[in-house]
1. Rounded to a whole number, what % of the accessible area of the chain do carbon and sulfur atoms account for, probe 1.4 Å?
2. Can you compute the radius of gyration and Dmax for the chain, using only the Cα atoms, both in Å?
3. Using label points projected 7 Å from each Cα along Cα→Cβ, tell me how many nm separate A29 and L43, to one decimal.
4. Averaging sequence separations of C-alpha pairs under 8 Å and six or more residues apart, then dividing by the length of the chain, give the relative contact order as a whole percent.
5. At 1.4 Å probe radius, can you tell me the per residue accessible area of the chain in Å²?
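The values are calculated or read from the model by the stated rules, or taken from the named source; none is laboratory data. Here the structure is a predicted model, which is why all the values come from computation and not from measurement. Glycine gets a Cβ as well: all are built from the backbone with ideal geometry, and neighbour counts include every protein chain shown. Just so you know, the surface numbers come from the protein's heavy atoms only, side chains and all, with ligands and any DNA or RNA stripped out. Shrake-Rupley method; radii C 1.70, N 1.55, O 1.52, S 1.80 Å.
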Amino acid sequence: MVYFFALCSFLALLGFFINSKRRNGHGLAYSAAMIVIWILAALWWSGRIG
């Protein structure tokens with residue numbers, strides 16, 4: 001499951017770079033929030049936090 005969260009985080013990072021190339025501010029903010037959420041989910045699932 002941690003690998004799934006890491007994959008989703010990587011895809012959000014990819015979306016972040018795509019939105020930065022398009023200069024899409026709202027998509028950029030959404031992608032940044034999703035990166036944080038997926039990383040926190042991976043850390044929580046692995047037992048490192050919470």
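1. Ligands and nucleic acids excluded, carbon and sulfur reach 72 percent.
2. Rg, Dmax (Cα atoms, Å): 11.8, 37.
3. Each label point is offset 7 Å from its Cα along the Cβ direction, giving 2.3 nm.
4. Reported relative contact order: 50 percent.
5. 79 Å²
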